[in-house]
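Here it is, the structure, as structure tokens.
The values are calculated or read from the model by the stated rules, or taken from the named source; none is laboratory data. None of these values were measured; they are calculated from a predicted model. Cβ coordinates were reconstructed from backbone atoms using ideal geometry, including for glycine residues, and neighbour counts include every protein chain displayed. Areas reflect the complete protein model, heavy atoms only, side chains present, ligands, DNA and RNA absent. Shrake-Rupley method; radii C 1.70, N 1.55, O 1.52, S 1.80 Å.
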Amino acid sequence: MFPTDDTICAIASAAGQAQRGIVRISGPGAAQCLASLLVEPVNLEEITEPTVLTAQIQVEPFPPCSAKLYFWPDHRSYTRQPSVEVHMPGAAPLLQAALNHLCRQGGTGVRVAQPGEFTMRAFLAGRLDLTQAEAVLGVIDAVDQQELSVALSQLAGGLNRQLQALRDQMIGLLAQLEAGLDFVEEDIEFISPEQLRSQVREVHEQLVLILGQLQNRLVQTNHVRIILRGLPNAGKSSLLNALVGRDAAIVSDIAGTTRDYVTCHWRIGGIDCTFIDTAGVELNDALLSEIDRDAQGMTSRQSEISHVELLCIDGSRELDAWEADQLQIAPRGVRVVVCTKSDLPGFRPLAAADVVTSHTDEGVRGLREHLKVVLCQQATEGTVVQQTAARCFDSLETATQSVQRALELCDQQWVEELIAAELRTALNQLGLVVGAVYTDDILDRIFSTFCIGK
Ligand SMILES: Nc1nc2c(ncn2[C@@H]2O[C@H](COP(=O)(O)OP(=O)(O)OP(=O)(O)O)[C@@H](O)[C@H]2O)c(=O)[nH]1
Ligand SMILES: [Mg+2]
């Protein structure tokens, strides 16, 4: 990791022609660097407040020029170190000469900053968390208004506040659980089972929400994975074939036709998708062969890595208990409920479900349009900077799974220790996201993508 006790300087304005350019300095020697630029000496030691000066500066071999000098003499700067910003004429040779001048005459140990080093100092000094540091880059890289608003809101601490509140809640819960474990002999109850369950559920709901936001963000740049799920014979494979307009999967009236999963590429509304047709969900594990069990395992794994779920329900027969259950559970990502076989007598649609018959192209047209809207919505609904979404997805997923396990444990007795362990795992993962726990490797990966001067 880079040292933080020396003085760094860099050109902070973009390359190219501009009327003004900015040179940025941070570290204990910032005031000395500033003094070395001034034509007329100023007693900088007397300045104790963040101050703006207008003065003549000179860097060899150029004649003096006028500059605005922003001087933070103490910790009230971006990096929480003495800092200076020199706003001067934007000519590239002049800015480069200023940098050379500072490294040679700004005092001992002044050097050119590495990419992202100012923001890394801000992070290490506790001014920003890692998600905000990534938002700095998000602001710089934003290509449209939407991306800029997302990055600005993350920079202002949107995601940070959400995560911090969650961490506080989990730390509080953990403290109560651990106190209970310490005084287990005395039979003191620090938190009732009902309170515990309700708080763990709250944490879980929040995590699922944030995970959904990250997933949405990833959809924008990655291939979208759409999974078809449902009971055997629900019409999943038929629906896939009808949607893509070819026989991608085998269809038959024998329940259990699809065993391995089938993937099929498709492009809709300018977005690349992969459909994943899965083996119908089998509920009685005891009756399954080994191959069927493997197929069920694959369905679950595919489900975990998909962005959109098409939950297929055969509308020509009564709603099954598993289907009713699924409709009650909040989906991991986006879910579209589809009632199949609308051409059959006795078909009864579910409220708010798409109605299809896979026997005609017309029968799936509505669903195709709906999918297009859902995917386009996703592509514009990002609430998290792309880099953060990519870095934090795994951590947040692990945290969510741990809290989910903790929630399941809440229904059992004498498991406080196990619940505490799950919460600790989740906390640790959230710590990685905000940077409460970090490694040099993580910092390197994040800050090396910055440009110099930021
Ligand atoms: N009438 C009618 N029959 C359909 C429709 N969709 C599927 N079927 C029939 O339902 C049966 C099961 O269809 P599949 O598409 O193989 O069902 P699946 O959900 O993939 O089944 P598994 O792979 O076993 O899980 C077949 O006989 C299909 O012809 C539909 O829209 N209308
Ligand atoms: Mg099938």
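Among the residues of segment 192-219, which ones are under 23 Å from Leu177 (Cβ atoms), modelled with pLDDT under 90 and of a type in the set (A, V, I, L, M, F, W, C)?
Val208, Ile210, listed by residue number.
Of all residues in segment 304-332, count the ones that are open to solvent by less than 30 Å² (accessible area, probe 1.4 Å), under 27 Å from Thr400 (Cβ atoms) and assigned to a loop (DSSP other than H, G, I, E, B).
The number of residues fulfilling the criteria is 2.
For residues that are in contact (Cβ under 8 Å) with a residue 12 or more places away in the chain and of a type in the set (Asp, Glu), scanning just segment 255-304, find the one that is nearest to ligand 2 (Cβ to nearest atom).
Among those that are in contact (Cβ under 8 Å) with a residue 12 or more places away in the chain and of a type in the set (Asp, Glu), it is Asp277.
How do the helices (runs of 4 or more DSSP H) wholly within segment 359-454 filter down when requiring 1 or more residues that are among the aromatic types (Phe, Trp, Tyr): which remain?
In segment 359-454, the matching helices (runs of 4 or more DSSP H) lie at 386-409, 440-447.
Something else about it: Could you check Gly245 against (1) open to solvent by 50 Å² or more (accessible area, probe 1.4 Å); (2) within 13 Å of ligand 1 (Cβ to nearest atom); (3) touching a residue at least 60 places away in the same chain (Cβ under 8 Å) and say which number it fails?
Among (1) open to solvent by 50 Å² or more (accessible area, probe 1.4 Å); (2) within 13 Å of ligand 1 (Cβ to nearest atom); (3) touching a residue at least 60 places away in the same chain (Cβ under 8 Å), the lone unmet condition for Gly245 is (2).
Taking segment 334-356 as the region of interest, how many residues are without any contact (Cβ under 8 Å) to a residue 24 or more places away in the chain and either in contact with a Phe, Trp or Tyr (Cβ under 7 Å, 6 or more places away or on another chain) or open to solvent by less than 20 Å² (accessible area, probe 1.4 Å) (or both)?
Qualifying residue count for the region: 0.
Just for strands (runs of 3 or more DSSP E) wholly inside segment 26-138: which have at least 1 residues that are more than 17 Å from Ile8 (Cα to Cα)?
51-57, 65-72, 83-89
Looking at (1) aliphatic (A, V, I, L, M); (2) in the same structural domain as Ile268 (by TED's automatic domain parsing); (3) open to solvent by 40 Å² or more (accessible area, probe 1.4 Å), find the lone condition where Leu371 falls short.
Condition (3) is where Leu371 drops out.
Of the numbered conditions (1) on the phi < 0 side of the Ramachandran plot; (2) surrounded by fewer than 21 Cβ atoms within 10 Å (Cβ to Cβ); (3) of a type outside the set (Phe, Trp, Tyr); (4) not in a helix (DSSP H, G or I), Gly256 satisfies every one except a single condition; which is it?
(1)
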